[in-house]
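Scroll down for the structure; my scribbles are underneath it.
The values are calculated or read from the model by the stated rules, or taken from the named source; none is laboratory data. These numbers come from a predicted model, not from an experiment. Reconstructed Cβ throughout: ideal geometry from the backbone, glycine too, with neighbour counts over all protein chains shown. We work out accessible area using only protein heavy atoms, side chains counted, and drop any ligands, DNA or RNA first. Shrake-Rupley method; radii C 1.70, N 1.55, O 1.52, S 1.80 Å.
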Amino acid sequence: MYKAAILTLAVVATVMAGTVNFVYEGAGITPIGGWGENLSNGLAGGLYGNWLFSDKFRAGLGVEGAVFGHASQGSVSFTQLKPMGNASFYLRPHGTAFNPGVVVAFGYCRSQLSSGNGIDPASWDPFWRSGIRWNFSLGSPWRAGLGFDLESVMASEKAGDAFRLTFSVSREVQL
Amino acid sequence: MKKVVMISVVSALFLLLSLSSGCESNPVYFRLSSDYFPISPAGATWEYTINGGGSRIVTVVDQTVVGERPCWRLQSGADYNYWINEDGRLEKYEDHTVLFNGFEVPIYQAWITMLEWPLADGMTFRDSVSAQAVSQGVTLSHTWIRNQTVTGPAVSPDGVWSDCYRVNQEEMSINWIQTAGFAPETTVTVRSVWLAPDVGMVMMQSADSLVTLASFTGGEE
């Protein structure tokens, strides 16, 4: 019942909004601070729906999944699942070649380690992200973006900090 | 427009609360960044107490080369052990001998991976060796099997160390001196080792002994 109410609210919010910018973003993730010592760099993919509150400001919801392996062992995988709320501000929203912007995101991260045939208990922790973007047109209605982020999963005792290089494709949809 | 903003924000908060409810946090990034078997630098010392009396001191002596590989030499009492901890693996130089006519006959020497990092609950490792040697005209055969299971993370039994992994080790050794009057001799050793982050072994329990870490001093880089 509780989850149905949440879903209904989310759907209502989406339907009532005017224009939504749908974004697919892929990223390469480099761990910072030693927690990635036995892991390789990670790959991430995420989907976001951002409501256009004005030409320059947009905010919405998204979910991202990321996976890290091991440089020499195929049996290690570390996964992250991040449902989040995010907001972005672009200076030249209709710029063809140069539309710089900033993004911030807050949410929760589910982290889980699998190694060999063992699996550690999953951890849910708050996380934040901030970064910059260079957005450009791919021909209406499609746009693309490049950027980098700093993010931190605020787990107990030690945070999971990381650096992300991102590439995204997006299009606006009038609902 | 205000209505849309409000509904969006409220639904986002509800979604986040829903996803986080019933979920627990644990220091997974701390465990990932920790060294569970810090065998360097030289000078690192672990002092253990043995139940029933006595103590054991383990010291990282220096770096050396064994089996054509650079490694760290650890001293425990009068014994030396050789270890490599790199590329996500902990390797130990296994030096197996068979006692025959009062002589320790070397029968198997090699680097064997003991653990792979990072540790996780439920990991299992199995290592085995089968070797033969001839001494004084007699064939000596040696079979060695080690099974290891990792459980955790948990607090050590003495309650001092958190985020430990427990490694249950079962080691079976069958030595057979293939001449009249000798039968295969089987030895089975079962022990549990607790490894704490950035400290290493903090407790070892076997059928006849309990070894507990009393103090740990990191070496100088």
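Points to keep in mind about this one:
- Test result for B:Asp158, acidic (Asp, Glu), buried (at least 18 other Cβ atoms within 10 Å of the Cβ) and either modelled with pLDDT of 95 or more or over 16 Å from the mean Cα position of the chain (by Cα) (or both): no
- Against the numbered list (1) in contact with an Asp or Glu (Cβ under 9 Å, 6 or more places away or on another chain); (2) surrounded by fewer than 17 Cβ atoms within 10 Å (Cβ to Cβ), B:Val150 comes up short only at (2).
- Of the residues contained in segment B:56-72, one or more are found to be modelled with pLDDT of 95 or more, within 22 Å of B:Tyr108 (Cβ to Cβ) and within 18 Å of the chain's Cα centre (by Cα).
- Breaking point among (1) at pLDDT 95 or above; (2) over 20 Å from the mean Cα position of the chain (by Cα), for B:Glu170: (2)
- Qualifying residues in segment A:146-168 (those that are of a type in the set (A, V, I, L, M) and more than 14 Å from every other protein chain (Cβ to nearest Cβ)) - the one most open to solvent (accessible area, probe 1.4 Å): A:Leu165
- Residue match in segment B:118-138 (condition: open to solvent by less than 20 Å² (accessible area, probe 1.4 Å), touching a residue at least 60 places away in the same chain (Cβ under 8 Å) and assigned to a loop (DSSP other than H, G, I, E, B)): yes
- For segment A:125-145, the count of residues that are more than 16 Å from A:Glu25 (Cα to Cα), outside any strand (DSSP E or B) and within 11 Å of another protein chain (Cβ to nearest Cβ) is zero.
- Segment A:146-158 - residue that is assigned to a strand (DSSP E or B) and of a type outside the set (Ser, Thr, Tyr) and, of those, nearest to A:Val173 (Cα to Cα): A:Leu146
- Count of segment B:185-204 residues which are open to solvent by 70 Å² or more (accessible area, probe 1.4 Å) and either hydrophobic (A, V, I, L, M, F, W, C) or in contact (Cβ under 8 Å) with a residue 40 or more places away in the chain (or both): 3
- Residues in segment A:53-89 that are hydroxyl-bearing (Ser, Thr, Tyr) and at the interface with another protein chain (Cβ under 8 Å from one of its Cβ atoms): A:Ser72, A:Ser75.
- Per this entry, A:Gly107 is not counted among residues that are within 14 Å of chain B (Cβ to nearest Cβ) and at pLDDT below 95.
- Considering residues of segment A:114-124 that are assigned to a strand (DSSP E or B) and not aromatic (Phe, Trp, Tyr) only, the residue farthest from A:Lys56 (Cα to Cα): A:Gly118
- So B:Pro118, is it touching a helix residue (DSSP H, G or I) at 6+ places or on another chain (Cβ under 8 Å) and within 14 Å of chain A (Cβ to nearest Cβ): yes
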